[in-house]
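I have placed the structure first, in the form of structure tokens, so that the comments after it can refer back to it.
The values are calculated or read from the model by the stated rules, or taken from the named source; none is laboratory data. These figures come from a predicted structure and were not determined experimentally. Cβ coordinates were reconstructed from backbone atoms using ideal geometry, including for glycine residues, and neighbour counts include every protein chain displayed. These accessible areas exclude ligands, DNA and RNA; they are computed on the full protein's heavy atoms, side chains included. Shrake-Rupley method; radii C 1.70, N 1.55, O 1.52, S 1.80 Å.
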Amino acid sequence: MALSLRRKQLDVIVRMLHLNQQHLPNGGEGQGEEEAYKLLVMDPPCVSLLSPVLKVGDLRRHGVTLTLGIDRPRQAVADAPAVYLVRPTPSNVDRIAADAAAGLYASFHVNFSTSVPRPLLERLAAACAAAPPACAGRVARVADQYIDFVCLEEGLFSLAQPRAYVALNDPAAADADITSLVDAVVLGLFCVFATLGVVPVIRCARGGPAEMVAAALDARLRDHLLAKPNLFTEAASAAVASFQRPVLCLFDRNFELSVGVQHDWSYRPLVHDVLGLKLNKLKLPAEKYDLDDSDKFWVTNSWSPFPKVAEEIEAQLAKYKQDVDEVNQRTGGGSGVEFDGTDLIGNTRHLMNAVNSLPELTERKKMIDKHTNIATSLLGHIKERSLDGYCDCENDMLVNGTVDRNTLLSLLRGKGTKEDKLRLAVTYLLSFETPPSSELEQVEAALRESEVDMSAFQYVKRIKALNTQFAAASGTATKSNIVDWAEKLYGQSLSAVTAGVKNLLSDGRQLALTRTVEALMEGKPNPEVDDYLLFDPRAPRSGTGGQFKGPFREAIVFMIGGGNYIEYRSLMELEQCTQPSKHVIYGATEILSGAEFIHQLAELGQKAGLGGGSSNIPPGAVQ
């Protein structure tokens, strides 16, 4: 059975909402005892993780009558139980203890989104013990839920860790700061695998943050597996029976830098990049929309090119009008068909069919109106910013390895936001190993003419140059030291960009990331992945003779430093085109648009004293 991260996270949340008791499927309506009504208290990070999997109506079906923020003033509801879902932080623990001491609710069911450190647990116990005698009795349960990640859909998750790329690649970063971020990534990934109930085989390139995360996650899983029973005990027998474990493929964002900044012509990446899709929710000036698995049009068409989506909306509208006309004719509401008074049974049947079809027609109309509004808004941005021109130009560079100089320069001097131009220029820089110096000077001049902050461009230019020098001397270099890695500006993993970028999106538009994942899943000798490190938390620490290198049917691909919908789509295509079928889950420290990622590059450039002026690009929210 394929790994189902979203369903398993949802199962944990539903069980939590039912006070950590087994819940009957389909809501259990009409079965068992009466539903217990309760309040749900959360902190902002847990609101984000809950939002994509449960809507307000879903919460009500599970007995939640009121959802409250832990950091907001709240009134007492002394006769109702309260379910808390929060991160284990000192401020949250203190607030829970204060709420219990004040007797805000009848009982407190405290759920931490990940494992609570023992000092915090003792702090909660001490605060409750110091309060009035009834306080401790109100705390009915304290549980670690291991769901501290945002599951946007069945095969996509985010750890919602902002600016990880900046933190990991800042040359001035302290060792303690990098270690702290690596630990946070490891904890998030541990939550993912605890929810799935599987222990992965871990593969990563040597050096850089990927190796650091892999080694730390391997150590954490090994330590946890020493305890009996543990979070993976129940799943162990099933894994042995099927002889299958997933492979976790860890990558650093620098492995394929250009994908993070490029424009895309597909509906979903466009909505995310241009309109700011966050947590499967879209805010337009006049409307708010959910874009998730419940929207059939979105599921079917979100990966299609934008012109095809526009055509499909027109086709759906025409079909809707045709069906409405047909209903009107059958019920006598339109010309051509009249009721025959002698055929009462037939007429009644037509009326009943019409009534039954009304809800479906209404939903279709709402769906058509929603995507018409979204497409209209997108079209306005496309025309205003000439986004089709940017997509075509970048596609020529990345796929064909060619560029029309006049087109490139006209885009840099013409329509588009400053970040659009910067993204195009960075894509140009990464698309050619040694671009002509005269052409490069013209690109830089065009950017300056458009008053674009050059920090990101100069930063990528610098690390590309360092990477070339670094590669030449890589025979004796070591990159295991954190300080060396920061000082050398992570040149190791940029080789995939500078040396192999001409093949980017080739071979059926398959990304280098997807090719590497496919090779790691096959487990066959391959020069591209033969030197990748392997960590198996279930194998003995000494020796590698018993370590399993594949083949694997399931993979979790995780991008450290920020992922995007372009890579997610490419991995979905890998699932669909391989035989026997493979299953891939894609995750990242955060899901970034091209504009958000270029902002992080600009911030690093400014820290390094490159470029000039402040960045014109808003940092954006984290997903």
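Some notes on this structure:
- For the range 516-598, the solvent-accessible area of protein heavy atoms averages 40 Å² per residue (probe radius 1.4 Å; ligands and nucleic acids excluded).
- Accessible carbon and sulfur surface of the range 41-151 relative to its total accessible area, %, 1.4 Å: 56 percent
- The range 77-151: relative contact order as a whole-number percent, Cα under 8 Å and 6+ apart: 38 percent
- Carbon and sulfur %, accessible surface of the range 208-312 computed with the full protein complex present, 1.4 Å: 59 percent
- Each peptide among 99-108, 280-289 gets the average number of other Cβ atoms lying within 10 Å of its residues, and from highest to lowest they stand as 99-108, 280-289.
- Annotation: per residue accessible area for the range 41-126 equals 43 Å², rounded to a whole number [probe 1.4 Å, protein chains only].
- Taking the accessible area of the range 374-461, probe 1.4 Å, and keeping the other protein chains in place, the carbon and sulfur fraction comes to 45%.
- Efficiency of FRET between Trp303 and Ala130 - r from beta-carbon atoms, R0 60 angstrom, step 0.05: 0.60
- Environment charge at Pro117 (Cβ cut-off 11 Å; Lys +1, Arg +1, Asp -1, Glu -1): 0
- A prolate overall shape is assigned to the range 411-474, the ratio a/c of its alpha-carbon gyration tensor axes (a ≥ b ≥ c) being 1.5 or greater and a/b exceeding b/c.
- Potential lengthening of the chain between Ser438 and Asp11 amounts to 147.8 nm, from the contour at 0.36 nm per residue minus the alpha-carbon distance.
- Protection proxy ranking, peptides 434-447, 162-175, 305-318, average beta carbon neighbours within 10 Å, highest first: 162-175, 305-318, 434-447
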